[in-house]
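This report concerns only the one structure given below.
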Amino acid sequence: MFDKISSKTIGFVFAIIGIILFSAKAVMVKLAYNFQIDYLTLLLFRMVFSLPFYIAIAFWKKPVAIQSRKTKDWVWLFFFGFIGYYLASLFDFMGLQYIKAGLERIILFVYPTIVVLISYLFLKKVITKNQIIAILITYVGVLVTFWDELAVQSDDVVIGGFLILLSAAAYASYLVGSGWLIPKFGVLKFTSYAMMVSTFCVVVHYILQGDFNLFDYPSEVYVLGLSMAVFSTLIPSFLVSAAIERLGASTFSIFGSLGPISTILLAFFFLNESVSVIQLVGMCVVILGVSFVSKKRKHN
């Protein structure tokens with residue numbers, strides 16, 4: 001019993017830290033865009049800088065006590081690597097050209113409902129009352145937090161919002177798929193393989209469409225690219241995979257509510273995006289929703 005509770009607690013910690021680190025990515029992207037870099041080149045820097053770490057981890061040691069793998073498992077891994085980190089990241093970087101970091105995070109937060117819906121439709125997982133209540137609480141908090149931002153009307157907001165919504169759908173599909181694939185590969189190897197697939201896709205995309213001006217940017221761009229690779233890609237990707245393994249995709253997705261909070265704070269300090277009293281109230285409501293999830297799971 002103690003080991004079971006300990007595993008869930010570790011899952012909560014991994015989920016929280018992973019979400020916060022992932023949320024810092026939007027701020028770094030917006031900072032990099034100040035140096036006139038295009039979305040595809042910046043995405044290439046992020047993925048290529050992280051690739052050596054994933055290759056090293058993938059071949060670090062042999063897997064221990066994992067389920068047998070079939071050819072179709074590798075096909076699914078490629079598919080979820082393609083949509084989960086390539087497509088989701090591509091749409092996200094494109095969308096951030098048009099909208100603020102704060103608004104990006106609220107739109108991405110749609111993915112918990114998509115995760116639950118996909119799990120219900122394809123994996124026959126029951127949507128519990130606790131999940132419904134927790135999602136409602138967190139969504140109310142997020143909507144309150146970004147009420148002023150959602151009131152903005154412009155072509156850029158519409159285009160950017162649609163791209164971020166596509167990113168949320170792609171990421172949600174990855175979360176559901178990784179839930180049942182992780183036991184077949186192990187957390188470290190699964191995440192490494194998925195990121196290698198994503199990097200391959202980005203490189204191919206750049207070869208077909210890039211401008212090949214990789215060495216003409218200020219040093220700040222490369223520092224931001226490396227920071228995104230390590231602190232907003234490498235570390236949180238393993239934390240998220242480990243959290244999914246312990247909590248399940250549906251419950252983990254609710255912890256994404258912490259993303260808007262950290263993004264608001266980071267954007268305030270680094271991008272000068274304002275924080276109103278209404279937004280602070282919304283942040284408190286979001287925290288309440290996440291606390292509700294944790295409390296209910298401990299009781300169960």
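The values are calculated or read from the model by the stated rules, or taken from the named source; none is laboratory data. Quick caveat, the model's predicted, so the values are computed rather than measured. Cβ coordinates were reconstructed from backbone atoms using ideal geometry, including for glycine residues, and neighbour counts include every protein chain displayed. All accessible areas refer to the heavy atoms of the entire protein, side chains included, with ligands and DNA or RNA removed. Shrake-Rupley method; radii C 1.70, N 1.55, O 1.52, S 1.80 Å.
Table: residues versus (1) closer than 22 Å to Arg246 by Cβ; (2) acidic (Asp, Glu); (3) open to solvent by 10 Å² or more (accessible area, probe 1.4 Å).
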residue	(1), (2), (3)
Ile106	no, no, yes
Pro112	yes, no, no
Ala168	no, no, no
Ser192	yes, no, no
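Need the failing condition index for Tyr98 against (1) in a helix (DSSP H, G or I); (2) among the aromatic types (Phe, Trp, Tyr); (3) in contact with a helix residue (DSSP H, G or I) (Cβ under 6 Å, 6 or more places away or on another chain), just the number. All conditions are met except number (1). Pairing each residue of segment 170-182 that is within 24 Å of Gly95 (Cα to Cα) and of a type in the set (Val, Ile, Thr) with any residue that is open to solvent by 10 Å² or more (accessible area, probe 1.4 Å) and not in a helix (DSSP H, G or I), provided the two are 6+ apart or on different chains, yields C-beta distances under 8 Å for Val176/Leu123.
Having 3 or more residues that are modelled with pLDDT of 80 or more is the bar; report the helices (runs of 4 or more DSSP H) wholly within segment 215-300 that clear it.
219-229, 235-247, 258-270
Table: residues versus (1) of a type in the set (D, E, K, R); (2) open to solvent by 10 Å² or more (accessible area, probe 1.4 Å); (3) modelled with pLDDT of 75 or more; (4) closer than 16 Å to Ala170 by Cβ.
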site: Val75; (1), (2), (3), (4): no, yes, yes, no
site: Ala101; (1), (2), (3), (4): no, no, yes, no
site: Val115; (1), (2), (3), (4): no, no, yes, yes
site: Ile118; (1), (2), (3), (4): no, yes, yes, yes
site: Phe122; (1), (2), (3), (4): no, yes, yes, yes
site: Val126; (1), (2), (3), (4): no, yes, yes, no
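Yes or no, residue by residue, for (1) modelled with pLDDT under 95; (2) open to solvent by 50 Å² or more (accessible area, probe 1.4 Å); (3) under 24 Å from Leu87 (Cα atoms):
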position	(1), (2), (3)
Ser6	yes, no, no
Val13	yes, yes, no
Leu21	yes, no, yes
Ala26	yes, no, yes
Lys30	no, no, yes
Thr41	no, no, yes
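In segment 217-228, the residues that are closer than 14 Å to Phe53 by Cα reach residues that are surrounded by 15 or more Cβ atoms within 10 Å (Cβ to Cβ) and charged (D, E, K, R) with C-beta atoms within less than 6 angstrom, at least six apart or across chains, in these pairs: Met228/Lys25; Met228/Arg46. The set of residues from segment 105-131 being closer than 23 Å to Ile164 by Cα and in contact with a Lys or Arg (Cβ under 6 Å, 6 or more places away or on another chain) comprises just one member, Ser119.
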